[in-house]
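Colleague: Mind having a look at this structure? Questions to follow.
The values are calculated or read from the model by the stated rules, or taken from the named source; none is laboratory data. These numbers come from a predicted model, not from an experiment. Positions of Cβ are generated from backbone atoms using ideal geometry, with glycine treated the same way; all protein chains shown enter the neighbour counts. The protein model used for the area step is the full one, side chains on, heavy atoms only, and it has no ligands, DNA or RNA in it. Shrake-Rupley method; radii C 1.70, N 1.55, O 1.52, S 1.80 Å.
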Amino acid sequence: MSNPQQLRYSKEHEWLSAADADGVATVGITEFAANALGDVVYAQLPAVGDTVTAGETCGELESTKSVSDLYSPVTGEVVAANQDVVDDPALVNSAPFEGGWLFKVKIADEPADLLSADEYTDFAG
């Protein structure tokens, strides 16, 4: 498992890109989480305009094995949801760090406990 170094990670197995000049970052789930879930068959993502709160649920992913809550790694306003993942949830499994991203958020607050790639790799085992 190779976690991209430029991302930060939550202990709930979400990843967060660096924010752009407008304060917008991309959120997805890690390869570890995608593998643990199994084949994702349904994605319920937060809608554009929704406010998400760090550490709280904001959607869910359903796989052939189970249903898993989706947690936001930051607090902010959702500015985009990945319709491609809604239409083809398997993208979460096949490209968790690329086309399988879940939503974009304009960050209002970022918790201090997000992990580096190396810290997340140690955490996830």
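Colleague: With each run of n ≥ 4 DSSP H residues scored as -39500 (n - 2.57), what mean residue ellipticity at 222 nm is computed for the chain after dividing by its residue count and rounding to the nearest 500 deg cm²/dmol?
Modeller: Details: 4 runs with 24 residues, N = 125.
Value at 222 nm, helices only: -4500 deg cm²/dmol.
Colleague: For the chain, what is the accessible area per residue in Å² when the probe is 1.4 Å?
Modeller: Details: 6110 Å² over 125 residues.
Counting only protein heavy atoms, the per-residue value for the chain is 49 Å².
Colleague: Moving on to the next point. Using a 10 Å cut-off on Cβ atoms, rank the peptides 10-18, 103-111 from the highest mean neighbour count down. All intermediate terms of the calculation are to be shown ahead of the outcome.
Modeller: Working: 10-18: 19.6, 103-111: 17.6.
Order by mean packing, descending: 10-18, 103-111.
Colleague: Stick to the Cα atoms of the chain, pair each with every other, and give me the Kirkwood hydrodynamic radius in Å at one decimal. Walk me through the numbers before you get to the answer.
Modeller: Numbers: mean 1/r = 0.0709 Å⁻¹.
For the chain, inverting the mean 1/r across all distinct Cα pairs yields 14.1 Å.
Colleague: Keeping the other protein chains in place, figure out the carbon and sulfur percent of the accessible area of the stretch 46-100, with a 1.4 Å probe. It would help to have the intermediate numbers written out before the result.
Modeller: Working: 1140 of 2610 Å².
For the stretch 46-100, the apolar C and S fraction of the accessible surface comes to 44 percent.
Colleague: Shifting gears a bit: I'd like the Karplus ³J(HN,Hα) series for the stretch 105-111: coefficients 6.51, -1.76, 1.60, θ = phi - 60°, whole numbers in Hz, and an x wherever there's a Gly or Pro.
Modeller: Running phi through 6.51 cos²θ - 1.76 cosθ + 1.60 with θ = phi - 60° gives 9, 7, 6, 9, 8, 10, x Hz.
Colleague: Here is a further query. In terms of modelled amide H atoms, which long-range or inter-chain residues lie less than 5 Å from the amide H of L70?
Modeller: Here C58, G59, E60, L61 satisfy the definition.
Colleague: Next question, about the same structure. Can you tell me what share of the DSSP beta bridges in the chain is antiparallel? A percent to the nearest 5 is fine.
Modeller: Details: 27 of 28 bridges.
The antiparallel fraction comes to roughly 95 percent.
Colleague: Once you list every other residue whose beta carbon is under 12 Å from the beta carbon of T26, what net charge do they have if Lys and Arg are +1 and Asp and Glu are -1?
Modeller: Working: positive: R8, K104, K106; negative: E14, D20, E98.
Counting the neighbours of T26, the net charge comes to 0.
Colleague: What percent do you get for the relative contact order of the chain when only Cα pairs under 8 Å and 6+ apart count? Please list the in-between numbers first.
Modeller: Details: 298 pairs, mean separation 39.2, N = 125.
With pairs under 8 Å counted, the relative contact order is 31 percent.
Colleague: How much length is gained if the chain between T51 and S66 is pulled fully straight, taking 0.36 nm per residue apart and subtracting their Cα-Cα distance, in nm to one decimal?
Modeller: Numbers: separation 15, 0.36 × 15 = 5.40 nm, distance 2.59 nm.
The T51-S66 span can extend by a further 2.8 nm.
Colleague: For A90 and K11 in the same chain, what is the full-extension length gain: residue separation times 0.36 nm, less their Cα-Cα distance, in nm?
Modeller: On the way: separation 79, 0.36 × 79 = 28.44 nm, distance 2.26 nm.
Gain on extension, A90 to K11, equals 26.2 nm.
Colleague: Ok, one more. Considering only C-alpha atoms, what is the centroid distance from the stretch 1-40 to the stretch 70-85, in Å?
Modeller: If you average the Cα positions of each part, the centres end up 11 Å apart.
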